[in-house]
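Peer 1: My questions all concern the structure below.
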Amino acid sequence: MEKQPRLLSSQLLLKNRVFEVTLNRALLTWKEIQTKKKRVYGSIHSTFKVGFCLSKVLSKPSGESGSYCVPVPEIVAVREAEADSRTKDEGRWQKLSQKPTEGYPCAFTVSYVERGRQHRWRCSDVTFHCSDWTLCQQWVQSIREQLLLLTSRPKHLLVYINPYGGKQQGKLIYEEKVAPLFSRASISTDVIVTEYANHARDHLKMEADLKKYDGVVCVGGDGMFSEIVHGLVSRMQADCGVDQNCAEEKLVPCGIRIGIIPAGSTDCICYATVGTNDPATSALHVIVGDYQPLDVCSVHHNNTFLRYSVSLLGYGFYGDVLADSERKRWMGPARYNFSGVKTFLTHHHYEGTVSFLPATDILGNPRDKTKCRAGCYICQHNGKLLSEEAQLHKMEEPVSCSEMEGDWRGGSSWSTSRLELTGPPPPPPPPPLFLQFDLAFVEVHRVRKFRFSPTQCESDLELDLRGGGAGGGARGGKRLFRQICRDHPACGCTPVNSSWNCDGEILPHATIEVGVHRQLIRLFARGIEDQPLFEDFCTPSVI
């Protein structure tokens, strides 16, 4: 990589020591200027010195001993500071003595992203002391100019807060952990506290002036994120004249980015795209301005649009768990474990027919164990293919739906206890009580579309519930009894059909057609980063 030219370089004071501080377009670095130190002898003093040096190396942003480095895109803000004021550093409040700062009367503070354990990000501060006011102003101005060149950073956000989701801490989480970070990064916000279910979805579809904003952020769980996705995608299709009820329509990608601040029960999306459900980490990902494209599935029944799915579409086990847990909301998040054990022990199975269109123009295989991480080559390559495909469609003559459909595969009957469709990003591992197996006889396919219909169609079930059908009164009564008992497995009756779990919502139909729309939305996230090697070691404490 070509070495970046220096924009500014000075000798500045930091924690009573002199550092060579350098700024270029990519990095802000500071390296301690070594001075001769008195040699220390003795086993006790040597042990102390080694422990201190190791602690410093493990806790610093990067580089060799005494050298620190922060990428310019990960600088949150810069501000002027008083040289004799207290500065927060490494969790302790310290007041610098007056004697070492006599020659450095001015100071500025840089706030930056610092990585911690388990993919967590924190906003840390470092304060540099300058020899004169002009130099201090020059540093502040230079850093701010580099931040202004980062056009991907949001300046104005629309924020929706769900005050009821999860542990009902949405407002408190935003006010205490997120709003101060947005303010420090000079991001203005318009905040709406939702008052009823689908409030955010309806506002985005009908009222919101999206041209004013650089992104939409929701504070809540996966349900709140689903609301935002439905509102934005539906708004985009309506503005572009796309009929969502037509399963063959090619959906138009959303231009505005979406952020999610976790405040729900499961926070599946945050775990899958950031690696943690920490609110401050998600807020910093929004500030940095990176984005990760996500696939979205559209679900239809008889040419009628039902829902969009981003993380999970599951039939059988996942559908039964959701249906049972919905009746136990009073238990809180523990209801998922309880319903999971109950459903697993019940061990129902369901028969149906599956057919699908295979995805042939993408890299990777579901069984290749490749993990999607930040800077994923497969995601970037598929995104390039997608843009080339879009340009090709503009140049070509319109083609019929049958020509675009290709050859459907499958069409055979299946007996299953679990059928699921997951698209990038995958959901996080379920709780330990949810058992999963990667077995050789389980077929795994990457598809563009698939159709599923239960062996007993839904029209037959409606007749059964009315006591009608070809079997007469006694037979109809038996079927009716079977349907009444479907929620009470103790009677020994086996449910005919399961329910579809679509991102935590139950679909009203079992017969569905699902289409995958690649990179339809963009999320404020970088993807899960590989952890540094030193994360597995404990930082020695200095006494």
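The values are calculated or read from the model by the stated rules, or taken from the named source; none is laboratory data. These numbers were taken from a predicted model, which means no experiment stands behind them. Here the Cβ positions follow ideal geometry from the backbone for every residue, glycine too, while neighbour counts run over all protein chains shown. Please note that ligands, DNA and RNA were not included when accessible areas were found on the heavy atoms of the full protein model with its side chains. Shrake-Rupley method; radii C 1.70, N 1.55, O 1.52, S 1.80 Å.
Peer 1: Yes or no: V76 over 18 Å from S9 (Cβ atoms) and either under 36 Å from the mean Cα position of the chain (by Cα) or at pLDDT 95 or above (or both)?
Peer 2: It is true that V76 is over 18 Å from S9 (Cβ atoms) and either under 36 Å from the mean Cα position of the chain (by Cα) or at pLDDT 95 or above (or both).
This table checks each residue for (1) open to solvent by 30 Å² or more (accessible area, probe 1.4 Å); (2) touching a Phe, Trp or Tyr at 6+ places or on another chain (Cβ under 8 Å).
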| position | (1), (2) |
| --- | --- |
| N198 | yes, no |
| C218 | no, yes |
| G223 | yes, no |
| L232 | no, no |
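Peer 1: Same structure again: Report the residue count in segment 114-162 for those that are surrounded by 14 or more Cβ atoms within 10 Å (Cβ to Cβ), more than 26 Å from the chain's Cα centre (by Cα) and in a loop (DSSP other than H, G, I, E, B).
Peer 2: Within segment 114-162, residues that are surrounded by 14 or more Cβ atoms within 10 Å (Cβ to Cβ), more than 26 Å from the chain's Cα centre (by Cα) and in a loop (DSSP other than H, G, I, E, B) number 1.
Peer 1: State yes or no: is K177 farther than 25 Å from E114 by Cβ, open to solvent by 20 Å² or more (accessible area, probe 1.4 Å) and either not small (G, A, S) or not in a helix (DSSP H, G or I) (or both)?
Peer 2: Working: farther than 25 Å from E114 by Cβ: no; open to solvent by 20 Å² or more (accessible area, probe 1.4 Å): yes; either not small (G, A, S) or not in a helix (DSSP H, G or I) (or both): yes.
It is false that K177 is farther than 25 Å from E114 by Cβ, open to solvent by 20 Å² or more (accessible area, probe 1.4 Å) and either not small (G, A, S) or not in a helix (DSSP H, G or I) (or both).
Peer 1: Within segment 237-248, which residues are touching a Gly at 6+ places or on another chain (Cβ under 9 Å) and open to solvent by 50 Å² or more (accessible area, probe 1.4 Å)?
Peer 2: Hit for segment 237-248 is E248, nothing else.
Peer 1: Can you find, within segment 205-216, the residue that is least open to solvent (accessible area, probe 1.4 Å) among those that are part of a loop (DSSP other than H, G, I, E, B) and without any contact (Cβ under 8 Å) to a residue 60 or more places away in the chain? Can you show your working first?
Peer 2: Taking segment 205-216 first, the residues part of a loop (DSSP other than H, G, I, E, B) are 207-209, 213-214.
Now narrow it down to the ones that are without any contact (Cβ under 8 Å) to a residue 60 or more places away in the chain: 207-209, 213.
Values: E207: 134, A208: 5, D209: 77, Y213: 31 Å².
It comes out as A208.
Peer 1: Quick check: is even one residue across segment 85-106 in a strand (DSSP E or B), modelled with pLDDT under 80 and surrounded by 14 or more Cβ atoms within 10 Å (Cβ to Cβ)?
Peer 2: yes
Peer 1: I've got another one for you. How many residues are among the polar types (S, T, N, Q) and open to solvent by 20 Å² or more (accessible area, probe 1.4 Å) when one looks only at segment 249-290?
Peer 2: So the count comes out to 3.
Peer 1: Another question about this same structure. Among the numbered criteria (1) within 19 Å of T273 (Cβ to Cβ); (2) assigned to a loop (DSSP other than H, G, I, E, B); (3) among the hydroxyl-bearing types (S, T, Y), which single criterion is violated by S226?
Peer 2: All conditions pass for S226, except number (2).
Peer 1: Please name all residue pairs, on different chains or six or more residues apart, with Cβ atoms under 6 Å, provided the first residue is in segment 1-24 and is closer than 17 Å to P71 by Cβ and the second residue is in a strand (DSSP E or B) and open to solvent by 80 Å² or more (accessible area, probe 1.4 Å).
Peer 2: Correct list of pairs: T22/R6; N24/R6.
Peer 1: Here's a check for you: in segment 493-518, which residue that is farther than 17 Å from Q244 by Cβ, assigned to a loop (DSSP other than H, G, I, E, B) and at pLDDT 90 or above is least open to solvent (accessible area, probe 1.4 Å)?
Peer 2: A510
Peer 1: Additional query: State whether the residues of segment 41-56 include one that is open to solvent by less than 70 Å² (accessible area, probe 1.4 Å), modelled with pLDDT of 60 or more and out of contact with any helix residue (DSSP H, G or I) (no Cβ under 6 Å at 6 or more places or on another chain).
Peer 2: no
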